[in-house]
1. Tell me the label-point distance for the pair ALA57, ARG111, using the 7 Å Cα-to-Cβ offset, in nm and rounded to one decimal.
2. Quick check for you: which residues of the range 103-122 have the amide N under 20 Å from the point 7 Å beyond the Cα of ARG16 toward its beta carbon?
3. So if R0 is 30 Å, what FRET efficiency would ASN32 and GLN9 give, r being the distance between their Cβ atoms, rounded to the nearest 0.05?
4. So how exposed is ILE26, as accessible area in Å² (1.4 Å probe, rounded to 10)?
5. To the nearest 10 Å², what's LEU14's accessible area with a 1.4 Å probe?
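The values are calculated or read from the model by the stated rules, or taken from the named source; none is laboratory data. Quick caveat: nothing in here was measured; it's all calculated off a predicted structure. Positions of Cβ are backbone-derived with ideal geometry, glycine not excepted, and every protein chain shown enters the neighbour counts. Please note that ligands, DNA and RNA were not included when accessible areas were found on the heavy atoms of the full protein model with its side chains. Shrake-Rupley method; radii C 1.70, N 1.55, O 1.52, S 1.80 Å.
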Amino acid sequence: QGLTLIADQVGTRLRRHKLYASTVQIQIKDTNLKLINRQKRLEEFTSSTRLIRDTAADLLRENWPAGKPIRMLTVSVSGLSADGAQQLSMFSDTAKEQKEQRLDAAVDRLREKFGRQAIQFGRGLQKKE
């Protein structure tokens with residue numbers, strides 16, 4: 001849940017500034033303040049919240065034991081491009097990517113109009129008592 005919210009913030013900022021990233025990075029600090037950094041280069045430039053989240057989750061799964069406490073987790077991107085020029089892969093699912101871009105844009109517009117809390121991820125909702 002926390003990783004999804006962080007990735008959402010990163011994706012939203014990229015789209016707000018009309019930027020695309022080629023690398024996703026995570027930084028993890030354990031309870032002893034030991035810090036590790038891991039990154040993964042993407043096949044294509046992106047501003048997709050889902051792709052940033054999925055890549056960060058893969059990095060976390062590959063580099064951190066399940067159940068081990070985390071004191072701090074950050075997600076960031078690098079290799080920024082302002083024009084989003086990408087070489088299309090013959091293996092990419094262009095229709096799916098375009099659908100995700102439209103979804104991200106719609107969520108961004110609704111949040112801009114009604115506030116950040118207008119749309120949340122289902123796992124991010126808290127039960128009111």
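1. With each label point 7 Å from Cα toward Cβ, the separation is 1.7 nm.
2. The answer is 103-121, whose backbone nitrogens lie closer than 20 Å to the label point.
3. Plugging the Cβ-Cβ distance into 1/(1 + (r/R0)^6) gives 0.65.
4. Around 10 Å² of this residue is reachable by solvent.
5. For LEU14, the solvent-accessible surface is approximately 10 Å².
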